[in-house]
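Novice: Provided herewith is a single structure, encoded as structure tokens, for subsequent inquiry.
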Amino acid sequence: MTLKNIFFILIFLSALSFFFYSCRNLIRYMFVAKKKDDRFDKSGERIKRVLTVAFGQSKLLRDPIAGSIHFVIFWGFMLFLFAVLESILQGFYSPFSFKFLGALYIPITLVQDVFGMLVIIAITLSLIRRFVFKIKRLEVDNEGKIDALMILMLIMVVCISMFGQNISYVAKQNFILEPNELRPISSAISALLFSSSVNANIPFEISWWIHIVTVFGFLNYLPYSKHLHVLTSIPNTFFANVDSKRNRLQPLNLDDENAENFGSADIDQMSWKQILDGYSCTECGRCDSVCPAATVGKSLSPRKIIVDIRRRTGDKAPLMINGVTESEVLSKTLVHDYIMDSELWACTTCNACVQECPVMIEHVDSIVDMRRNLVLTESNFPNSLSNVFKSIETNFTPWVFNQADRANWAIGMNVRTMSEDPNCEILFWVGCAGSFDNRYKKVTQAFASIMQKANINFRILGTEEKCNGDTARRLGNEYLAQTMMKENIEILNKYGIKKIVTACPHCFHSLGKEYKQFGGNYDVVHHSQLIEELLNSHRIEFKNTKAKSRVTYHDSCYIGRYNNVYEEPRNTLRNIESIDLVEMQRNKSRGFCCGAGGGRMFLEDEEGGRINIERTKEALETKADTIASACPFCMTMLTDGVKHFSQRDVPMDSFGGFPEKTKEVSVKDIAEIVLENIN
């Protein structure tokens, strides 16, 4: 054993010991979280997602430029493991090489050469994007910039030192490669830099030591860097909610007599997965770039929320582990001291952040958990919500309407209730807006008329229907939400309801996905889905007309991102001869929220701009005659947005190329458009 080997072994053992010490601490910190969270079910589904999202980089590739750069760096890093392992084993036994693998050594050496160069190019492009072009979503504080630079440069040194070894090795062998060795780039550079094998060993040893020290340094830097995601992103992707739980809030156990609080005010009240989310955040800013609240200048930053969870874990968890009971740090809480209340209340729960996150972080779950603590534990929420909660509790609707008037929209339409005759094909769940809002009652009547024309035998609950609970739940009032949900389930199960149709995306999602948590198992369809089904089965037919109008369709978050219903409403509109369907710049899974979700419908805009104005502007830029929606909240927000622009004194063309006839642009539900165009 040479002095080199002895020195290497000492470095190896020291580096590995410190790395495992750091990882052990991170794992211990993660489990100061007390909330139970079982994430070990459906391993096959989880492994499949790891392959597509983590290894296939499917989410990152939604941005083709940044995604391609990261794809190259990620896979280069993965493929370099052979080179790193070979170098490490050479530290124990200098002549070691993987050439004993025979023909398998050909792709190993070729991939190292090709991907090594690709990674160097990709890192160069990353540095240019971050520090020259200064991509907005990558703009972070100075500490974050230094950290990003450090990581990129370490990866660059790993690549360059790997090439240094290979280039020197080729020269050492008198420029003759092994039979199963293929290094075209290293061989070409070696021929340029070396005239003979003399003194080639010195640059080889220097490159080898630089490579080894950089690899071990990189490994031990990661646990203290925002690039900890290199270690945690794959586990975080594996443990993300499976499809049967994705995009739906998990219930609180409100019957726990020993519970001192509900929701999460600090990290010890969270789950280990929420702490792992914090570890896994890459600070790439994709969540902020699509967040409607952040876009219009509100205080919410989904990235900051997750980073603050990580910061708080780093501050508090070591004290808890070491049994410290008195400290200025312990006197603080995650909510209020790290995350301001205004940040939490700005969220529309549109799920865009979750959709875009490349490492499957669940921002909305954590935000709602913190809202739950504010509402249920602290009774601390915006004043305007007091009336909302009271109305739901007493009138079974977020608005101050009389429950006895819930079915007044149906007067004269020959619509029967379940109590009158429970023998039906499907239950029409009208929802609060469809029952009470003057504008949306017209949509309810239009959809009921469509079903009557299609000879669908449907019923309504009438005064037995109550608020579905979604608004209360997203606002953090889990107690009130569960009360509404359980009372509705009792009524639905009493009548043996199996299939439900609704025009409200929030009712659609809640009844179809979250009622299952409390024993309500129903086949729930959105009215846009049923309309397409009626067209395909020829139960309704469109008129033949030559008149043409431009229509743009706005995706509701709760039927789009939450439930992947994108094509059904579009297919219906495309089949109407009089309609020319035009898309907004942000559409389908990249659609932009109207601003009303997550209970924001009932909260005032006290900071920043208005989300509905941003979305309406985008709709008007299509020069559409009609903005089509499929949600009562979206209709209200878009209608208000059109009024905002039509009341301006300056010509519409001066801001964004809007049509001069903005005052004539209408906002209609898809049901109204269909009713106008069927025989």
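The values are calculated or read from the model by the stated rules, or taken from the named source; none is laboratory data. Just so it is clear, the model here is predicted, and its values are computed rather than measured. Ideal geometry is used to build each Cβ from the backbone, glycine not excepted, and the neighbour counts take in all protein chains shown.
Novice: Tally up the residues in region 29-75 that are among the β-branched types (Val, Ile, Thr) and farther than 30 Å from Ile121 by Cβ, please.
Specialist: The number of residues fulfilling the criteria is 2.
Novice: Looking only at region 525-534, filter to residues that are over 14 Å from Asn564 (Cα atoms) and aliphatic (A, V, I, L, M); which one of those is surrounded by the most Cβ atoms within 10 Å (Cβ to Cβ)?
Specialist: Ile531
Novice: Considering each residue of region 371-428, count those that are closer than 26 Å to Lys498 by Cα and touching a residue at least 60 places away in the same chain (Cβ under 8 Å), and give that number.
Specialist: Within region 371-428, residues that are closer than 26 Å to Lys498 by Cα and touching a residue at least 60 places away in the same chain (Cβ under 8 Å) number 10.
Novice: Given the criteria surrounded by 22 or more Cβ atoms within 10 Å (Cβ to Cβ) and assigned to a loop (DSSP other than H, G, I, E, B), does Gly595 qualify?
Specialist: yes
Novice: Can you work out which of the residues in region 390-440 that are of a type in the set (Lys, Arg) and closer than 22 Å to Cys631 by Cβ is surrounded by the fewest Cβ atoms within 10 Å (Cβ to Cβ)?
Specialist: Per the criteria, the residue is Arg439.
Novice: Still on this structure: Answer yes if at least one residue in region 539-546 is outside any helix (DSSP H, G or I), surrounded by fewer than 23 Cβ atoms within 10 Å (Cβ to Cβ), without any contact (Cβ under 8 Å) to a residue 40 or more places away in the chain and not assigned by TED's automatic domain parsing to the domain that holds Arg474, and no otherwise.
Specialist: yes
Novice: Kindly provide the set of residues from region 457-482 that are free of Cβ contacts under 8 Å to residues at least 40 places away in the same chain and surrounded by fewer than 23 Cβ atoms within 10 Å (Cβ to Cβ), ordered by number.
Specialist: Across region 457-482, the qualifying residue is only Asn457.
Novice: Same structure again: Does any residue of region 449-471 turn out to be closer than 19 Å to Ile673 by Cα, polar (S, T, N, Q) and in a helix (DSSP H, G or I)?
Specialist: yes
Novice: Another question about this same structure. Restricting the search to region 379-437, which residues are on the phi > 0 side of the Ramachandran plot and out of contact with any Lys or Arg (no Cβ under 7 Å at 6 or more places or on another chain)?
Specialist: Ser379, Gly412, Asn414, Gly431
Novice: Find all pairs meeting these conditions: Cβ atoms under 9 angstrom apart; at least six residues apart or on different chains; first residue within region 178-189 and assigned by TED's automatic domain parsing to the domain that holds Phe82; second residue assigned to a loop (DSSP other than H, G, I, E, B) and among the aromatic types (Phe, Trp, Tyr).
Specialist: Here the result reads Ser187/Phe175, each pair linking region 178-189 to a residue that is assigned to a loop (DSSP other than H, G, I, E, B) and among the aromatic types (Phe, Trp, Tyr).
Novice: Right, next: Which is at positive phi and not in a helix (DSSP H, G or I), of Glu283, Glu260?
Specialist: Of the residues listed, the single one that is at positive phi and not in a helix (DSSP H, G or I) is Glu283.
Novice: Could you identify the single residue in Glu583, Glu567, Glu577 that is free of Cβ contacts under 8 Å to residues at least 12 places away in the same chain and not assigned by TED's automatic domain parsing to the domain that holds Lys453?
Specialist: After ruling out the rest, the residue left standing is Glu567.
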